[in-house]
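A short reminder: the numbers here are calculations on the coordinates, not readings from a lab. Computed from a predicted model, the values in this text were never measured in an experiment. Here the Cβ is made from the backbone with ideal geometry for all residues, glycine too, and neighbour counts use every protein chain on show.
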Amino acid sequence: MRKDPISPETLGFASSARHVDMRVEREVLRIAINRPAVRDALHPEAHSELALTIDALTADRILCTA
């Protein structure tokens with residue numbers, strides 16, 4: 001089981017992600033787009049945050065996604 005908490009900072013974000021929500025449950029990282037006002041449409045900043053999150057996830061040997 002993963003011992004260190006995951007956060008935007010541990011995934012490589014300098015500050016909190018504004019458009020992507022993340023939470024870890026055991027070894028599963030749940031990723032959600034958080035732009036309800038535009039029905040979760042992606043714009044360049046949200047796309048970048050999502051890409052960084054997925055890149056960090058693929059580099060992690062413990063986490064999987066759901």
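Structure data summary
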| read-out | value |
| --- | --- |
| For residue 29, distant residues with modelled amide H under 5 Å away | 64, 65, 66 |
| Protection proxy ranking, peptides 35-46, 50-61, average beta carbon neighbours within 10 Å, highest first | 50-61, 35-46 |
| Note, ³J(HN,Hα) from phi for the range 51-62, Karplus 6.51, -1.76, 1.60, rounded to Hz, x at Gly and Pro | 4, 4, 5, 5, 4, 5, 5, 5, 7, 8, 7, 9 |
| Local electrostatic count at residue 48 - Lys and Arg +1, Asp and Glu -1, tallied over other residues with Cβ under 12 Å | -2 |
| For the range 31-39, 3J(HN,Hα) per residue [Karplus equation, 6.51 cos²θ - 1.76 cosθ + 1.60, θ = phi - 60°, Hz, x = Gly/Pro] | 10, 9, 7, 10, 9, x, 5, 10, 6 |
